[in-house]
Ligand code: SF4
Ligand code: SF4
């Protein structure tokens, strides 16, 4: 294979670069489409093409074989710098990316997140300094000369991190340098456009001096290129001269061409009038209230290179405001939507899960009692739990949608009476709190994950309980008040990105049938069995995603709509069948147990905790861990959380909180849910990603047991799986996101219960400390050696 | 659609962290030999060389034809010059190299100390003998685990700082607005 051929195969398809470029393109495209509809002459195809070309140039510079060649040939490395510094930035600026990128962002990020920064006089002052031609000129020159100092350049050749930093410097220096030249819309003209001419000429001059040094030097500046083999037999000195020549020719062309264009624009008679720049109120851009983003009037733009820039008046006009479109609706997505709202599809999914549950039970009782060789040891504890959290994070409570227990009880109800009302005294989550504590205890004390036999019995117990309870009582009492899986799903799904919700509230106001809650005989639909009346339903709490309401509503007014995860926790208004969150101590305790349970459950699988349990059991004179585990689970899931919450509530009371201590505690506990969800996610995806291959040999083994031949079980797949390098950073990232989300919610909740920002900060501080504590416990747990559940200790090869 | 964008932004953040250890872009030259027109060079990465994942690559160029040879039999060994760990061995292949002009072996160096890196190249056309490249390399200690993830550990603190800054901007905007409305009155 020739060297060039081999080189052409060397694509550096770096996931970071590609993802960032794709996301930037997506945001730009989304924003551009909206703006183009309103102002086609302002945001034309030229802008779009130019921006995408700029991105393509960056891709070529960083991901193409040029990257591989750059470590062998100085000219290739110089080529990268030219692309990053001189070609990509002007193309990106011609795309006028500011507004399209802002427009492409979700409104709340744009308004509440970025808007205040853009409107801040301090930020605007800094931006003005950074884009001042004197600064940009000297910054580019400094970056160019400094990075070509031999020791620094050599450093970048041997260290990937420095290499990336070097490229970032060149790119951003280029972006700043080209800003005053292109003046991308809606930039303000602050100096005469004639000044751009000496600006570019001086830049070309310093580029000439720089390049000439490379071209005519008889000294090799970078000995690294002498050491590396050169498949093209290019002498290092020649290579250096070619690199200088490239910089000279391309640099001069790129800098002098705009001079001609600008001068041509300026000497046209109509271009000589420069009007005072006007300003676009940021409010109209959805970025703020009274602050002004300066824009250029048409004639002032003459002589700029920013594409079709003619008139800006409408940018500030109301016509540019985004027409309100409804949020993303999963049920409106072709195929997926009709599948999710179809009862037949739901029954098929339930039947599939039911068949899997039967297999789990059979293998649990009859198969080998080694978790990693048994379907009951792998499927529920590795795959199903991974599926739960992934589904919750991507859509919502999808497991309840396909729940096999509901499938059986629905069939059973054809025979059973189901005519009693669930006892009033049990209409709360207290029973569920007890059952979840029982489960967390049993999981550790009986090592459920390691016992296919126990797992099979638990699955059977679930079927019997669901059948018995819903066979006797009306509605979905089992789901709403008993099922621990359901409670887990309900609580965690408040941070899911979608919820079952009415599309237009106005339609419900004029509705007279209320089929969503009452049901409709024609469609043989009983309405929401969880008693959630759609117009008053908020969040996914208690919603099983059963879609009965969707099918019942005669106005097709219910969808699975996008929502900001966790945002409904900030509201405390009346919710159908839930009432006010601040009055639900039982629900808050359930959330608290699930938050702390996440950490206790994960900590229970790390080496130091298991050692500590053994030592404590020995110190107590016991041969088994049972007592230690019992005390540990009760302490970590109930006693410590309650004490911490009590302390935090007491400390928060020091400020002027305008609610009772109980309501304060209850509301703030809900703010901790994202932290708990993050820990569950880390825990479950760890097992899922490290042990998901286990299902293959187990299936082969089961097939062999019943006389089918799917090949010899590939036990290697359930053994010795080393966690991939990226898993730990991923877990920490998830924990960090959970901590940030919880902190944000806690502060916002405190803000709603206090009179000033200062009070809110003080009131939320103890709760933020609990979050920080949980975060650190989570990090510590992740850094410990994990018990590799679901994998074989010794390969059965 | 907004949700889609948020998901995409999350993907960027995720991508930032799930990027695996960067392969060496050649790395540090450790040894080089020209035998019968074959120029062979041995590289190591990371720089500085540390216990943990390491990348040993070899580049073989036929100077007469300008061909890069990427399907040679190259066996890489890492031999400790001190008591303790066992030697490591792996074949260097083009698949494991990011720069396809090279053949690379990705190994997990268990301990710091002085290691002898050896690459034995065989199967070169018209050359019966094997070419051996070697170098003594001092490996530093493995970076503590938190050092490789510290950026992710401080992520909440960064988010907090950004949020505080955001809130300062919001409140100063409110004050400015109040001032200007008071002046207008
Ligand atoms: S969701 Fe449908 S059935 Fe329920 S109140 Fe609204 S319009 Fe009526
Ligand atoms: S609101 Fe009720 S009927 Fe509608 S999906 Fe949720 S649980 Fe089912």
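The values are calculated or read from the model by the stated rules, or taken from the named source; none is laboratory data. Owing to the predicted nature of the structure, the values given are computational and were not obtained by experimental measurement. Counting neighbours? That spans all protein chains shown, and the Cβs are built from the backbone with ideal geometry, glycine included.
Looking at region B:163-175, can you tell me whether even one residue there is closer than 30 Å to residue A:782 by Cβ, at pLDDT below 90 and under 30 Å from the mean Cα position of the chain (by Cα)?
no
Looking only at region A:460-500, count every residue that is within 15 Å of ligand 2 (Cβ to nearest atom) and free of Cβ contacts under 8 Å to residues at least 60 places away in the same chain and tell me the total.
Total satisfying the criteria: 4.
Restricting to region A:106-142, count the residues that are farther than 30 Å from residue A:562 by Cβ and in a loop (DSSP other than H, G, I, E, B).
The number of residues fulfilling the criteria is 2.
Inspect all residues belonging to region A:237-259 and state whether any of them is within 14 Å of another protein chain (Cβ to nearest Cβ), surrounded by 13 or more Cβ atoms within 10 Å (Cβ to Cβ) and farther than 23 Å from residue A:139 by Cβ.
Among the residues of region A:237-259, not one is within 14 Å of another protein chain (Cβ to nearest Cβ), surrounded by 13 or more Cβ atoms within 10 Å (Cβ to Cβ) and farther than 23 Å from residue A:139 by Cβ, which makes the answer no.
Which members of region A:467-477 meet the condition of being surrounded by fewer than 22 Cβ atoms within 10 Å (Cβ to Cβ) and either within 16 Å of ligand 1 (Cβ to nearest atom) or assigned to a helix (DSSP H, G or I) (or both)?
Answer for region A:467-477, where residues must be surrounded by fewer than 22 Cβ atoms within 10 Å (Cβ to Cβ) and either within 16 Å of ligand 1 (Cβ to nearest atom) or assigned to a helix (DSSP H, G or I) (or both): A:467, A:468, A:469, A:471, A:472.
Does residue A:56 qualify as being more than 11 Å from every other protein chain (Cβ to nearest Cβ), without any contact (Cβ under 8 Å) to a residue 24 or more places away in the chain and closer than 30 Å to residue A:7 by Cβ?
So residue A:56 fits the description; yes.
Got at least one residue in region B:171-180 being under 17 Å from residue A:741 (Cβ atoms) and not assigned by TED's automatic domain parsing to the domain that holds residue B:45?
no
If a residue has to be modelled with pLDDT of 85 or more, part of a helix (DSSP H, G or I), over 19 Å from residue A:675 (Cβ atoms) and more than 12 Å from chain B (Cβ to nearest Cβ) to count, how many in region A:715-767 make the cut?
Matching residues across region A:715-767 total 4.
Could you identify the single residue in A:145, A:178, A:162, A:151 that is under 30 Å from residue A:46 (Cα atoms) and either assigned to a helix (DSSP H, G or I) or modelled with pLDDT under 90 (or both)?
Details: A:145 fails: under 30 Å from residue A:46 (Cα atoms); A:162 fails: under 30 Å from residue A:46 (Cα atoms); A:151 fails: under 30 Å from residue A:46 (Cα atoms).
Within the list A:145, A:178, A:162, A:151, the selection yields A:178.
Only one residue in A:155, A:83, A:99, A:149 is away from chain B (no Cβ under 14 Å), crowded, with 17+ Cβ neighbours inside 10 Å, at negative phi and free of Cβ contacts under 8 Å to residues at least 40 places away in the same chain. Which one?
Being away from chain B (no Cβ under 14 Å), crowded, with 17+ Cβ neighbours inside 10 Å, at negative phi and free of Cβ contacts under 8 Å to residues at least 40 places away in the same chain holds for just one of A:155, A:83, A:99, A:149, which is A:83.
Give region A:23-40 a look and list any residue that's at the interface with chain B (Cβ under 8 Å from one of its Cβ atoms) and either closer than 22 Å to residue A:160 by Cβ or free of Cβ contacts under 8 Å to residues at least 40 places away in the same chain (or both), or say none. Steps first, answer last, please.
First, the residues of region A:23-40 that are at the interface with chain B (Cβ under 8 Å from one of its Cβ atoms): A:23, A:26-27, A:30.
Result: A:23, single match.
Quick one: would you say residue A:415 is in a helix (DSSP H, G or I), over 27 Å from residue A:498 (Cβ atoms) and assigned by TED's automatic domain parsing to the domain that holds residue A:494?
Judged against the criteria, residue A:415 is not a match.
Tell me, which residue of region B:136-148 that is in a strand (DSSP E or B) and buried (at least 16 other Cβ atoms within 10 Å of the Cβ) is farthest from the other protein chains (Cβ to nearest Cβ)? First the steps, then the outcome.
First, pick out the residues of region B:136-148 that are in a strand (DSSP E or B): B:136-140.
Cutting the leftovers down to buried (at least 16 other Cβ atoms within 10 Å of the Cβ) gives us B:137, B:139.
Values: B:137: 14, B:139: 16 Å.
Only one residue fits best here, namely B:139.
Those residues that are away from ligand 2 (no atom under 11 Å from the Cβ) and either within 14 Å of chain B (Cβ to nearest Cβ) or at positive phi (or both), I need them from region A:540-558; list them, please.
Answer for region A:540-558, where residues must be away from ligand 2 (no atom under 11 Å from the Cβ) and either within 14 Å of chain B (Cβ to nearest Cβ) or at positive phi (or both): just A:556.
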